[in-house]
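The block underneath contains the structure these notes are about, expressed in structure tokens.
The values are calculated or read from the model by the stated rules, or taken from the named source; none is laboratory data. Everything numeric in this text was worked out from a predicted model, so none of it was measured. Here the Cβ positions follow ideal geometry from the backbone for every residue, glycine too, while neighbour counts run over all protein chains shown. SASA here: full protein model, heavy atoms, side chains in, ligands and nucleic acids out. Shrake-Rupley method; radii C 1.70, N 1.55, O 1.52, S 1.80 Å.
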Amino acid sequence: MRLPRFVFRRLTAPRIALSVLILAASLAVIATSYRAPLYGDGATIVVLDVGERTPEGMALHERRLASTEHLRRATADPRLAGLARPLRAGDPWEAIGSVPVPTVYVSVSSVTDGTLRVDSVSEKSGEQARSIAVAVADAYISDLGADGIARAADSIPTACQFQWGPIGDRRGAVEAVFLGILAAGFVFLVPTSWFSGRRLAVALVLSPAAAVVLLEELGWLAFFGGESVDVAAAAVLLSAFALGAMRRPWVFLGLALVIWAFAPVMHDGFTAMTLFARASAAAWAIGACSGWVSRLASRRRPALRVEDASRSTFHEGSSSNGP
């Protein structure tokens, strides 16, 4: 199979090296960013003896539930035969995913009601996480007796899935690999004339908005909660403001000063307009500097074209005077 002519012309060593470097860097970032999802569930234990419903008594039950000896007994439950590691007690303040799993978190829900909460985290499935929580609770009930301890029926299902990495599933990994291949192919196939100063300046201004929109589509802005749409909208507005500053820097400098002076400020949370107001000065600086660079590049180009034209005219004249 022969390569097309426009591809063959671009088979240069710098292009191939740069494409391979971009693809390798993309794969390295994806490999370090991928984290398999974790699953969580829980169970509630009720202390039936009212006399033990004190801060000291509930703290004692919490320590027993989270002890290494009790978790070792719970691991022997037939429902936990598929565990890759033994159960361990986790600190309630630690970040989920920062320690090996499976992990059990024990806490006192209510001293007055005598309730203890057993939360579990598993790397296999939600069913396994549920089995871990139930096995820990049942082992404690069988150890102390059903007369003093009972397991409460949870009215609200607690099964959940934790995406604790930028790329948390196979679909996200496939999308990221596809984007890396597109980036490498773009560098390999794009004509050299596209890399002009003006086009690079526009790409520099538009890249923040494109990156934020892409991250929003991939779900990597989940830590912003419901305000992630505002982040994407603000990025698009800032990119448009920067593009305007490229063409009319002094006009948009005045607009940036007006926005900075009169825009409302929100100290608790943000919206698309408040984010736009806070970063409008930075967007103007990026756009104005990019426009200045592109104008310098465009001023140098006509001189080269005149010189090339004179050379071509000289060669045409010399060829016409020949024999």
**Message:** of a type in the set (Lys, Arg), modelled with pLDDT of 70 or more and either open to solvent by 70 Å² or more (accessible area, probe 1.4 Å) or farther than 30 Å from residue 25 by Cα (or both): is that true of residue 198 in this structure?
**Reply:** no
**Asked** How about region 88-118: which of its residues are of a type outside the set (S, T, N, Q), open to solvent by less than 50 Å² (accessible area, probe 1.4 Å) and in contact (Cβ under 8 Å) with a residue 60 or more places away in the chain?
**Response** 97, 101, 114, 116, 117, 118
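Per-residue answers, yes or no, for (1) open to solvent by 60 Å² or more (accessible area, probe 1.4 Å); (2) in a helix (DSSP H, G or I); (3) in contact with a strand residue (DSSP E or B) (Cβ under 6 Å, 6 or more places away or on another chain); (4) at pLDDT 55 or above:
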site	(1), (2), (3), (4)
270	no, no, no, yes
274	no, yes, no, yes
278	yes, yes, no, yes
285	no, yes, no, yes
300	yes, yes, no, yes
322	no, no, no, no
**Item:** Identity of the residue in region 13-52, outside any helix (DSSP H, G or I) and open to solvent by 70 Å² or more (accessible area, probe 1.4 Å), that ends up modelled with the highest pLDDT
**Value:** 48
**Message:** under 33 Å from the mean Cα position of the chain (by Cα) and part of a loop (DSSP other than H, G, I, E, B): is that true of residue 118 in this structure?
**Reply:** no
**Prompt:** Can you find a residue in region 144-163 that is over 31 Å from the mean Cα position of the chain (by Cα), in a loop (DSSP other than H, G, I, E, B) and aliphatic (A, V, I, L, M)?
**Reply:** yes
**Request:** Quick one: residue 85 ticks every box in (1) surrounded by 15 or more Cβ atoms within 10 Å (Cβ to Cβ); (2) in contact with a Pro (Cβ under 7 Å, 6 or more places away or on another chain); (3) of a type in the set (D, E, K, R) except a single one, so which number is it?
**Result:** (1)
**Request:** Tell me which residues, restricted to region 120-152, are open to solvent by 50 Å² or more (accessible area, probe 1.4 Å) and in contact (Cβ under 8 Å) with a residue 60 or more places away in the chain.
**Result:** 123, 124, 130, 143, 147, 151
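Checking the condition within 36 Å of the chain's Cα centre (by Cα) and touching a residue at least 40 places away in the same chain (Cβ under 8 Å), which residue from 85, 64, 53, 79 passes? Give the derivation first.
Details: 85 fails: touching a residue at least 40 places away in the same chain (Cβ under 8 Å); 64 fails: within 36 Å of the chain's Cα centre (by Cα); 53 fails: within 36 Å of the chain's Cα centre (by Cα).
Exactly one of 85, 64, 53, 79 is within 36 Å of the chain's Cα centre (by Cα) and touching a residue at least 40 places away in the same chain (Cβ under 8 Å), namely 79.
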